[in-house]
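The structure appears below as structure tokens.
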Amino acid sequence: MSVELIKIDDNTLKGIITDIGSDEISWIDPDTEYEYRAKLVVVKREQDPLYKDKDWLHEKYVVEGLPCSAIGNMFGLSPMTIYKWLKKHDIPTRPRGRWGKQ
């Protein structure tokens, strides 16, 4: 593995890893000749939650007929949060509450 490091100040190094073949890197500070070692940790970026996806939300709310409260419960969210995402995606909403079921 090759690493190109640029010393910005005594506490900051900026580096470019050009060849990843291991989960550990090491380098020597040319000023102090100290050797440093670090483990690389790759963090996978989580995808947006499903309730933010227009197609998924349309399927659950319009096609399956789930109320905002049921969709919100899937994610630990309030019905109003789901309602706002429906409006954001221009998905037609039903009247809110029990009055809409009459």
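Quick notes on this structure:
- Within region 59-96, if we keep just the residues that are assigned to a loop (DSSP other than H, G, I, E, B) and of a type in the set (G, A, S), the residue that is surrounded by the most Cβ atoms within 10 Å (Cβ to Cβ) turns out to be S78.
- Top-ranked residue in region 33-51 [being surrounded by 10 or more Cβ atoms within 10 Å (Cβ to Cβ) and assigned to a loop (DSSP other than H, G, I, E, B); ranked as modelled with the lowest pLDDT]: L40
The values are calculated or read from the model by the stated rules, or taken from the named source; none is laboratory data. As the structure is a computational prediction, the values presented were derived from the model and not from experiment. Positions of Cβ are generated from backbone atoms using ideal geometry, with glycine treated the same way; all protein chains shown enter the neighbour counts.
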